1. Which one of these is over 30 Å from Ala225 (Cα atoms), hydroxyl-bearing (Ser, Thr, Tyr) and touching a Ser or Thr at 6+ places or on another chain (Cβ under 6 Å): Ser158, Ser148?
2. I'd like the residue in the range 214-255 that is in contact (Cβ under 8 Å) with a residue 24 or more places away in the chain and of a type in the set (Gly, Ala, Ser) and, out of all such residues, is farthest from Gln192 (Cα to Cα).
3. Name, by its number, the condition in (1) part of a helix (DSSP H, G or I); (2) touching a residue at least 24 places away in the same chain (Cβ under 8 Å); (3) touching a helix residue (DSSP H, G or I) at 6+ places or on another chain (Cβ under 7 Å) that does not hold for Leu51.
4. So which helices (runs of 4 or more DSSP H) stay within the range 111-230 end to end and still have 1 or more residues that are open to solvent by 80 Å² or more (accessible area, probe 1.4 Å) and of a type in the set (D, E, K, R)?
5. It is to be established whether one or more residues within the range 84-91 are under 30 Å from Ala175 (Cα atoms), open to solvent by 20 Å² or more (accessible area, probe 1.4 Å) and not polar (S, T, N, Q).
6. Considering only the range 87-108, state which residues are among the hydrophobic types (A, V, I, L, M, F, W, C) and either outside any helix (DSSP H, G or I) or in contact with a Phe, Trp or Tyr (Cβ under 8 Å, 6 or more places away or on another chain) (or both).
7. Quick check: anything in the range 45-54 modelled with pLDDT of 85 or more and in contact with a Gly (Cβ under 8 Å, 6 or more places away or on another chain)?
8. Looking for something out of contact with any Lys or Arg (no Cβ under 6 Å at 6 or more places or on another chain), without any contact (Cβ under 8 Å) to a residue 12 or more places away in the chain and open to solvent by 40 Å² or more (accessible area, probe 1.4 Å) - is there at least one such residue anywhere in the range 256-269?
Amino acid sequence: MLSYVCRRIWALIPTLFVVSAAVFLVVYLIPGGPATALLGLEAEPSAVAALNAELGFDRPFLTQYADWLVRALRGDWGQSFFLRMPVLSALREYFGPTLSLAVLAQCVALLIALPLGIAAAYRHGTFFDAATVSASLLGTAMPGFLLSFFLMLFFGLSLRWLPVAGYAPLSRGLAEHLRYLLLPALSLGMVQAAYITRMSRSALLDVLHSGYIRTARAKGLSETAVLLVYGLKNAAPTVLTVAGQSFGSLLTGTIVTETIFGIPGLGMLTMGAISRRDVFVIQGVALFVALIYVLVNLAVDLLCAFVDPRIQLGRR
């Protein structure tokens, strides 16, 4: 297991290097520049050129990238022009709400998806199975923002059970914190639940039709033992992979939901940085998001290898 962990961590280095180059290139190609954003559109070209020279944005691409990469490895991700704070401090401040929202949304998704996926696979071919598949397809096709508006109208404006927008930090109490996050978490979690339900159903269905399941039943094992001991155990790597991908997308893709519900997370930080051309923040957010996604996938791979040792040997 230790050698597998080392191989997987070593394989991350070229991935992160390519990601960092792609992030820097995308930000480098954004029209306009920080000098224009700082001085305004009416600024004299000479003033813009002078500020670009002062900030180092007039140097060749590779020079800028090498300088940025070295500073990033040293823990210096730059200074936000508009927030007046280091980029790493801004990321720490804005990541908290996003992490809370992602964790709650993932809990919602798993609580809905796993029972439905397992029950639908076990009752394959019945009306319940068909209804679950239809509902999951509908949930996958439904745009997240539309579901957000429906939840806001029903639970926020009609029933007045939950606030329709805003954010309460954890320092104001767990109940108040969750009350503000519940609607956006439901919006994100229900969409993810539809995807996880379909994939967990398919994974368990494949396992339940395999030869060793028929053998277990022929030996007289109870259906509960067949489902829990043989079915879920062998379907676990697929379910874990899907759940990990879902959590990664929740951590890195909540921009629309955070904007709709007014949550001061990474989405709001990103939108503000793009609109103001705050390049160091844009680079920092993009690199941070990519890093999170890579680390979540690494954690999922290691967990799958722990659950199913055949993965360590490349036999699955």
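The values are calculated or read from the model by the stated rules, or taken from the named source; none is laboratory data. Fair warning: this is a prediction, and the values are worked out from it, not measured in the lab. A quick note on method: Cβ atoms are made from the backbone with ideal geometry, for glycine too, and the neighbour counts reach across all protein chains shown. In case anyone asks, the SASA skips ligands and DNA or RNA and just uses the protein heavy atoms, side chains included. Shrake-Rupley method; radii C 1.70, N 1.55, O 1.52, S 1.80 Å.
1. Exactly one of Ser158, Ser148 is over 30 Å from Ala225 (Cα atoms), hydroxyl-bearing (Ser, Thr, Tyr) and touching a Ser or Thr at 6+ places or on another chain (Cβ under 6 Å), namely Ser148.
2. Gly231
3. (2)
4. The qualifying helices (runs of 4 or more DSSP H) are 174-208, 211-218.
5. Yes: one or more hits.
6. Val87, Leu88, Leu91, Phe95, Ala102
7. No; the residues of the range 45-54 include none that is modelled with pLDDT of 85 or more and in contact with a Gly (Cβ under 8 Å, 6 or more places away or on another chain).
8. no
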